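K.L.:
This is the structure I want to talk about, given as structure tokens.
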Amino acid sequence: MKIAVYPGSFDPITNGHVDILERTSPLFDKIIIAVIQNVYKQGLFTPEERAKLIKETTGHLKNVEVDCFSGLLVNYLQEKQASIIIRGMRSMTDFEYESHMSMINKQLLPEVNTIFIMADIKHIIVSSSGVKEAAMLGGDVSSMVPEAVVIGLKRKLEQLTSGKQN
């Protein structure tokens, strides 16, 4: 069984992430979307909230499952008996970072391979951090994220706003 892991913070999942999943799901028996807490970024959604949004968004992909994890990615791959990492890329900056991470993962776990999938041109400028910033400033992000995320963002921002007022 070919099992791939698509790791990321997915805070929140974007149409670009979904596009990568739709294009890679036919290549594998199973893809595990591994939601991680990025220690370098302040999360808007909890990992559990992100996982729920991802499940709502990817239900049409029958070989995709969602999980949350922390720790070293190669340890997670071994636990899940996966040997392939999926990474989406939008720019040369992504390539430089991701190729470096790929080499580190390969050094730690020689049987692991990383596949890089270029973002579709209509999603190349979209990032989770850009979506969050635009949404927090009142922008319409409905063309960048699935409908479930639009609703989730609205709900989360209302919670934050009402929490600040109390």
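Read the figures in this text as sums done on the coordinates, not as results from a lab. These figures come from a predicted structure and were not determined experimentally. Note that we place each Cβ from the backbone using ideal geometry, even for glycine, and neighbour counts take in every protein chain shown.
K.L.:
Out of all the residues in the stretch 114-155, which are of a type in the set (Lys, Arg) and surrounded by fewer than 18 Cβ atoms within 10 Å (Cβ to Cβ)?
P.N.:
Answer for the stretch 114-155, where residues must be of a type in the set (Lys, Arg) and surrounded by fewer than 18 Cβ atoms within 10 Å (Cβ to Cβ): Lys122, Lys154, Arg155.
K.L.:
Do any helices (runs of 4 or more DSSP H) lying entirely in the stretch 62-162 carry at least 2 residues that are among the hydroxyl-bearing types (Ser, Thr, Tyr) and closer than 28 Å to Pro26 by Cβ, and which ones are they?
P.N.:
By residue number, 92-108.
K.L.:
Taking the stretch 114-142 as the region of interest, how many residues are out of contact with any Pro (no Cβ under 9 Å at 6 or more places or on another chain), of a type in the set (S, T, N, Q) and either farther than 20 Å from Ile54 by Cα or touching a residue at least 12 places away in the same chain (Cβ under 8 Å) (or both)?
P.N.:
Within the stretch 114-142, residues that are out of contact with any Pro (no Cβ under 9 Å at 6 or more places or on another chain), of a type in the set (S, T, N, Q) and either farther than 20 Å from Ile54 by Cα or touching a residue at least 12 places away in the same chain (Cβ under 8 Å) (or both) number 3.
K.L.:
Of all residues in the stretch 89-98, which are touching a residue at least 12 places away in the same chain (Cβ under 8 Å) and either surrounded by fewer than 14 Cβ atoms within 10 Å (Cβ to Cβ) or of a type in the set (Ser, Thr, Tyr) (or both)?
P.N.:
Hit for the stretch 89-98 is Ser91, nothing else.
K.L.:
Name, by its number, the condition in (1) acidic (Asp, Glu); (2) surrounded by 13 or more Cβ atoms within 10 Å (Cβ to Cβ); (3) over 16 Å from the mean Cα position of the chain (by Cα) that does not hold for Glu158.
P.N.:
(2)
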